[in-house]
Amino acid sequence: MSALPLDGLTVLDFTRLLPGAVCTLALAELGADVIKVEDPRGGDPLRGLAPIVAGESVYHRAFNLGKKSLALDLRAAGAAAVVDALAARADVLVESFRPRAARRLGVDAATLRARHPRLVHCSLTGFGQTGPYADRAGHDINFVALAGLLALDNAAPDEAPGLPRLL
């Protein structure tokens, strides 16, 4: 079998839900060794998303193929030392926390790069790292609403002529 482009690369996956799962799945499919770090109090919310087959979410299984998994409570005493040890041997870290939460949990770029300057840090956020919405949760429904598309969908046909109904 021929080598894959990311063979030998270690990725720490601190993401939740679909955007992060898809991102790190692509890295795993390209040969990276992906270690998914999950909260021990239920793990990634995808674990509970239906349909459930043989006690396992189809979505969780599909989007975590080829990944290793580790349960770690980032709020617990000693968690920072575990994150530090993982980051010391990793090449890439992908997280999907809001900026303030990432700083509080010690998985933000500034904290980790200070100790591990070669670590590539990727942060998936809805509204970026700065600005008035930076610490807001961002999901597709938020973006659709902020863009005004929900209001258009509820408009009477004569208020938005020519626009298709969205929902």
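Summary of values
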{"item": "Cα-Cα pairs of the chain separated by more than 18 Å (percent)", "result": "66"}
{"item": "Degrees separating the helix 17-29 axis from the principal Cα axis of the chain, which is the longest one", "result": "50"}
{"item": "Solvent-accessible area, 1.4 Å probe, carbon plus sulfur percent, for the chain", "result": "60"}
{"item": "Spin-label model distance (nm) - Val144 vs Asp7, 7 Å beyond Cα toward Cβ", "result": "4.3"}
{"item": "Loop trypsin sites (Lys or Arg not before Pro), region 22-89, which have at most 16 other Cβ atoms in a 10 Å radius of their Cβ (DSSP)", "result": "Arg41, Arg75"}
{"item": "For region 36-111, size of Cβ-based charge dipole, Lys and Arg +1, Asp and Glu -1, in debye", "result": "120"}
{"item": "Computed label-point distance, nm, for sites Arg103 and Ile52 using a 7 Å Cα→Cβ extension", "result": "3.8"}
{"item": "Mean accessible surface per residue for the chain, computed with a 1.4 Å probe while every protein chain stays in place, in Å²", "result": "59"}
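The values are calculated or read from the model by the stated rules, or taken from the named source; none is laboratory data. No experiment lies behind these values; they were computed from the predicted model shown. Cβ: placed from backbone, ideal geometry, glycine included. Neighbour counts: every protein chain shown. Protein only, heavy atoms only, side chains kept; ligands, DNA and RNA dropped before computing areas. Shrake-Rupley method; radii C 1.70, N 1.55, O 1.52, S 1.80 Å.
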